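All remarks here apply to the structure that follows.
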Amino acid sequence: MPAMNMIQALNSAMDVMLARDPDVLIFGEDVGYFGGVFRVTEGLQAKHGLTRCFDAPIAEGGIVAAAIGMGAYGLRPVIEIQFADYIYPAYDQLVSEAARLRYRSAGDFSAPITLRSPYGGGIFGGQTHSQSPEAIFTHVAGLKTVIPSNPYDAKGLLISAIEDDDPVIFFEPKRLYNGPFDGWHEKPVEPWAKSPLSDVPEGHYNVPLGKAAIARKGEDLTVLAYGTMVHVAIAAAEHAEVDAEVIDLRTLVPLDIETIAESVNRTGRCVVVHEATRTSGFGAELVALVQEHCFYRLEAPIERVTGWDTPYPHAFEWEYFPGPKRVGAAMRRVMGRT
Amino acid sequence: MERNAEMRNEPALSLRVPTPRARPGDPVDFSHIKPPPAGAAPRPDIREEPGAMRDLAFTLVRVLNEEHEAVGPWDPRLGADLLRRGLEIMTLTRAYDDRMMRMQRQGKTSFYMKCTGEEAVAVAAALALDPGDMCFPTYRQQAFLIARGYPLVQMMNQIYSNAADPCKGRQLPVMYTSKKDGFFTISGNLGTQFPQAVGWAMASAYKGDRRIAVGYIGEGSTAEGDFHAALTFASVYRAPVILNVVNNQWAISSFQGFAAGDSAAFAARGIGYGVAALRVDGNDFLAVYAATRWAAERARANLGPTLIEMFTYRAAAHSTSDDPSRYRPAEEPQHWPLGDPIERLKNHLIARGEWSEAKQKTLEKDCVEQVRAAAKESEAIGTLGQSRPSAKTMFEDVYKEQDWRLRRQRQELGV
């Protein structure tokens, strides 16, 4: 199997789906001839044709609305919003329209669209290229939200998202595009090729939506993480010398509550991590679910380690980013060690 | 008649996706751009009804002719001192851009954006407006801020996110702010600030003020809903605002056809809203000045908004993260049929006997020196990562007053 970084794996997923299904098409800002600002759609227009992968006007609301219309016709559009930070003009189309078509028409219409968008920090992108807005989508009934943490999952999840009959928000941790990043930002960047998770089959395969993965087995406590924070949590466990079980949620909605509950009921302790701001973040939902499902087995309060309740500040990238030191400290507090 | 198109033997539909005339490896093709001669466009009275001047949305207001003379009714008849000042600011902006681009390449900051080829669009407008008029810029109007006399060293402090950064290290480089200089804080999101310019102008009208607003948007971002909200509000409330569409032909890799620029001129978007519209040669300093002045006079006379398409060319990359040779012929910038704004104003001044090549060389050297001196001062404070405001400031200004969450988070970070 070829070693692929996350960009190549995502590209391969779309390549496979364009070849398999004539109803799949791709559009978004700069995704056509240029292949996207992160090169995720590189070569797809040349290979599959001008009308299968093309540029769109700078109108995020228009991109989503056009995709909904295409979905109503019966196509399976895969659209790119260039940065998650630019998604807000599309919010009305996503929340009021894509999310509710099936419900309000009693199944007469649906929006089988996949919205890909790079998200998250760690690249000195300032407040307009670093945000993690997943919680404003997980809050919306009718949308699914998927966030991969490695090339293998990225391809299998993206294929599942494209094949899914409901609208899927597919956030790609841009700091992971070229290599795993564990939050130790002064270390040299490692390429994906060194990781077994870069062994990506060339053809079609699925990683199912709604199924979490155990990224690190452990006995002391359970960390719930997704995206870049999966790697940070693993690094934090080593740093804090805690035998943490790290669960990579992979899909936030629908959420794999069985895997979470089984793990937390076994370890009795839980740390929830995300890059997004803390207040009303997805971590709040996870903490609520864990106490609903595991309260009688909990031996310590659940901790949240998140971005601060501020915009993402350019010069304070690493104070904002919840790195392994902060996550490790939370692990130790939950273990009763200080 | 058969109701089914297939049974009527009508041809099948096909999806149109626009493509630019030239990609890398192709010969440059600007044959579709046929600039009318300088001086040809009529200049209506500012009291003219927008409906009676529709043709001005499809032509190009041009003042400088091939012989470098200022001709026609739009000639603003400016004195040589003002023109030399415009030339100086444009030359300084270019020197500043070149240096900051190099600093990014040397790792002294994370990001930079040049405005090469588009200097006149900002400088001539800034000089045509009053100092109190409010600018809502995009990220490519740094020359407007320089024209207002804002110190280069402050701009560099922002680029470096250092301890003296007026944005306190919070913003991506080039996202300047200066209320004092009538320069709105740049967000980096596209199109969002265009209707805000209209709102500022409405406030000025509401208060019986005399100041007007000027907004900028790129041609690519006219696709955003905010562009249309700006025109609707400007039209409904006859807001004293100048709405500039900087058509520099390229939105990263997307040519202006992806904003429907090959179907109709961007200035023509104003017609549907009943807004006065001009299409202007954006590389002609005198034309930009004259059009801005005309629109400003209309606005100040309570006659409402003007939409101006500044027809220009993005000669540099979109940003330091971009490589235009991947999507357009590398030599395209040198072939832009409307030339370079600095060259054209320089040649005009020389033709008037008010300037010389030798003086231009000296000016260029002076500008490089000015930039170098400012850089020395700013870099003494520090470049990105070497110096920055105190980390506790990252929790300030989220709200006017910090609530318990932010206080607790600041303590948790230990700053």
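The values are calculated or read from the model by the stated rules, or taken from the named source; none is laboratory data. The structure presented is a predicted model; accordingly, all values stated were derived computationally and were not measured. Cβ coordinates were reconstructed from backbone atoms using ideal geometry, including for glycine residues, and neighbour counts include every protein chain displayed. Areas reflect the complete protein model, heavy atoms only, side chains present, ligands, DNA and RNA absent. Shrake-Rupley method; radii C 1.70, N 1.55, O 1.52, S 1.80 Å.
Tell me, what HN-Hα J-couplings in whole Hz come from the Karplus equation 6.51 cos²θ - 1.76 cosθ + 1.60 at θ = phi - 60° for each residue of the range B:109-125, using x for Gly and Pro?
Listing the rounded values in order: 8, 8, 6, 7, 9, 8, 10, 3, x, 10, 4, 5, 4, 8, 5, 4, 5 Hz.
By per-residue mean of other Cβ atoms within 10 Å, what is the highest-first order of B:215-224, B:267-276? Please list the in-between numbers first.
Details: B:215-224: 27.3, B:267-276: 21.5.
For the peptides B:215-224, B:267-276, the packing ranking is B:215-224, B:267-276.
So, R0 is 41 Å and r is the distance between the beta-carbons of A:LEU50 and B:GLU67; what FRET efficiency does that work out to, to 0.05? Can you show the working numbers first?
Working: r = 44 Å, r/R0 = 1.08.
So, using R0 = 41 Å, E works out to roughly 0.40.
How far, in degrees from 0 to 90, does helix A:228-240 lean away from the longest principal axis of the Cα atoms of chain A, to the nearest 10?
20
Enter the mean number of other protein chain beta carbons within 10 Å of the beta carbon of each residue in B:326-335, as an integer. Before the final figure, lay out each step's value.
Values: counts 5, 6, 2, 0, 0, 0, 0, 0, 0, 0.
Taking the mean over all residues of the peptide, I get 1.
What lysines sit close enough to B:LYS34 to cross-link, taking a C-alpha to C-alpha distance under 17 Å and skipping anything fewer than 8 places away on the same chain?
none
Hey, how many Å between the Cα centroid of the range A:107-155 and the Cα centroid of the range A:40-61?
19
Please list, in chain and number order, the residues 5+ apart from A:VAL272 or on another chain whose amide H is under 5 Å from its amide H, with Hs placed from the backbone.
A:LEU224, A:GLU303, A:ARG304, A:VAL305
Considering only protein heavy atoms and a probe of 1.4 Å, how much of the accessible area of the range B:1-122 is carbon and sulfur, as a whole percent? Don't skip to the answer; put the middle values down first.
Numbers: 3270 of 6880 Å².
Here carbon and sulfur together make up 48 percent of the probe-accessible area.
Could you tell me the distance between the Cα centroids of the range A:224-274 and the range A:166-180, to the nearest Å?
Taking the Cα centre of each part, the range A:224-274 and the range A:166-180 sit 18 Å apart.
Within the set of other residues whose C-beta is less than 12 Å from the C-beta of A:GLY71, count the net charge using Lys and Arg as +1 and Asp and Glu as -1.
Summing Lys/Arg as +1 and Asp/Glu as -1 gives -3.
Go through B:ALA41, B:LEU172, B:SER253 and say which Cα lies farthest out towards the positive end of the charge dipole of chain B; charges sit on Cβ, +1 for Lys and Arg, -1 for Asp and Glu.
Checking the options against the dipole of chain B, the answer is B:LEU172.
Using only the Cα atoms of the range A:218-338, what semi-axes does the equivalent ellipsoid have when each is the square root of 5 times a gyration tensor eigenvalue? Give whole Å, largest first. Before the final figure, lay out each step's value.
On the way: eigenvalues 94, 55, 30 Å².
So the three semi-axes of the range A:218-338 are 22, 17, 12 Å.
Taking each residue of A:47-53 in turn, how many C-beta atoms of other protein chains fall within 10 Å of its C-beta, and what is the average?
Numbers: counts 0, 0, 1, 5, 4, 2, 1.
Partner Cβ neighbours, averaged per residue: 2.
Just the number please: accessible area per residue for the range A:11-92, 1.4 Å probe, all protein chains included, in Å².
Value for the range A:11-92: 32 Å² per residue.
Between B:ASN302 and A:ALA19, what's the calculated FRET efficiency when r is the beta-carbon distance and R0 is 45 Å? Round to 0.05.
Working: r = 61 Å, r/R0 = 1.37.
Efficiency, from the Cβ-Cβ distance: 0.15.
Across peptide A:257-270, how many C-beta atoms of other chains are within 10 Å of each residue C-beta, on average? Kindly include the intermediate steps, with their values, before the conclusion.
Values: counts 0, 0, 0, 0, 0, 0, 0, 0, 0, 0, 0, 0, 0, 0.
What the average comes to for A:257-270 is 0.
Tell me what chain B gives for mean residue ellipticity at 222 nm when only DSSP H runs of n ≥ 4 count, each as -39,500 (n - 2.57), the sum divided by the residue total, rounded to 500 deg cm²/dmol.
Working: 11 runs with 142 residues, N = 415.
For chain B, the value works out to -11000 deg cm²/dmol.
Among the listed pairs A:LYS187/B:LYS168; B:LYS168/B:LYS392; A:LYS174/A:LYS217; B:LYS108/B:LYS376; A:LYS187/A:LYS325; B:LYS168/B:LYS400, which have their C-alpha atoms separated by more than 18 angstrom in this model? Display every interim value, and only then the final one.
Numbers: A:LYS187/B:LYS168 27 Å; B:LYS168/B:LYS392 11 Å; A:LYS174/A:LYS217 26 Å; B:LYS108/B:LYS376 13 Å; A:LYS187/A:LYS325 14 Å; B:LYS168/B:LYS400 16 Å.
From A:LYS187/B:LYS168; B:LYS168/B:LYS392; A:LYS174/A:LYS217; B:LYS108/B:LYS376; A:LYS187/A:LYS325; B:LYS168/B:LYS400, over 18 Å: A:LYS187/B:LYS168; A:LYS174/A:LYS217.
Return the long-range amide H neighbours of B:ASP262 (sequence gap of 5 or more, or a different chain), with a cut-off of under 5 Å between placed amide H atoms.
B:GLY257
Among B:ALA373, B:PRO333, B:ILE350, whose Cα lies farthest out toward the positive end of the dipole of the range B:295-415, if unit charges sit on the beta carbon of Lys, Arg (+1) and Asp, Glu (-1)?
About the Cα centre, the residue reaching furthest to the positive side is B:ALA373.
Pop out the ³J(HN,Hα) list for the range B:302-314 in order, Karplus 6.51 cos²θ - 1.76 cosθ + 1.60 with θ = phi - 60°, rounded to Hz; leave Gly and Pro as x.
Here the 3J(HN,Hα) series is 6, 9, x, x, 10, 9, 10, 8, 8, 7, 8, 8, 7 Hz.
With θ taken as phi - 60° and the coefficients 6.51, -1.76 and 1.60, list the Karplus ³J(HN,Hα) couplings across the range B:61-77 in order, rounded to whole Hz; mark glycine and proline as x.
6, 9, 10, 7, 8, 5, 8, 6, 8, 8, 9, x, x, 8, 4, x, 6
Among A:60-68, B:246-254, how do they line up by average Cβ neighbours within 10 Å per residue, starting with the highest?
The packing order, highest mean first, is B:246-254, A:60-68.
Which value, in debye to the nearest 20, describes the size of the charge dipole of chain B about its Cα centre when Lys and Arg Cβ atoms bear +1, Asp and Glu Cβ atoms bear -1, and nothing else is charged? Intermediate values should be presented prior to the final figure.
Details: 52 positive and 50 negative charges, 250 e Å.
Around 1200 debye, computed over chain B.
For the pair B:TYR399 and B:ALA12, how long in nm is the line joining their label points, each one 7 Å along Cα→Cβ?
It is 6.0 nm.
Can you report the principal axis dimensions of the protein assembly as shown using only the alpha carbons, biggest first, rounded to whole angstrom?
So the extents along the principal axes, rounded to whole Å, are 86, 80, 52.
Taking H as built 1.01 Å from N, whose amide H comes closer than 5 Å to the amide H of B:MET134, not counting residues under 5 places away?
B:ILE212, B:ALA213, B:VAL214
Of A:SER96, A:ASN11, A:ALA65, which is farthest along the charge dipole of the range A:1-137 in the positive direction, counting Lys and Arg as +1 and Asp and Glu as -1 at C-beta?
Working it through, the farthest residue towards the positive pole turns out to be A:ASN11.
Efficiency by 1/(1 + (r/R0)^6): what FRET value for A:ARG104 and B:PHE30, r their Cβ-Cβ distance, R0 = 51 Å, to the nearest 0.05?
Values: r = 50 Å, r/R0 = 0.97.
E between A:ARG104 and B:PHE30, to the nearest 0.05, is 0.55.
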